[in-house]
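Following: one structure in structure tokens, then a few remarks.
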Amino acid sequence: MSAAPRLSSSNRPLMLAPAVQAFVRGLADTQQAQAEATLMALDEYLGGTSPLLAYTRLTGDAWVRTLPEADRPDAHTLLDQFRGFLRDNGWLDAARPVNQFD
């Protein structure tokens, strides 16, 4: 199964939840549930059913600051891994389409 985003012909933005699902599928079984719960909590923080581009380093950092102090290091690590996944697998590029027809 490919981790790359599926591009649609519509002008709808890529959403955060499918990116989370693709990322989680690539993790070890023992990590999947916790990573998914954590990243979906980020989606809820961003308003629920959020566009992928609503997640930035700044919004991620703001969300981490809302977590209990003990959870913050793991959340930062997960966000770093997630951001790397998004970048390396073309999610961020696909979310910022260029040269679209008017």
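Computed values, structure above
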{"read-out": "Listed candidates (i) 48, 29, 20; (ii) 34, 29, 23; (iii) 69, 26, 26 - label of the one calculated as Cα extents along the principal axes in Å", "value": "(i)"}
{"read-out": "Proximal charge balance of residue 60 [Cβ under 12 Å; K/R count +1, D/E count -1]", "value": "+1"}
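All of the numbers you see were taken from the coordinates with simple rules; none came from a lab. Please read these numbers as outputs of a predicted model, since none were measured by experiment. Ideal geometry is used to build each Cβ from the backbone, glycine not excepted, and the neighbour counts take in all protein chains shown.
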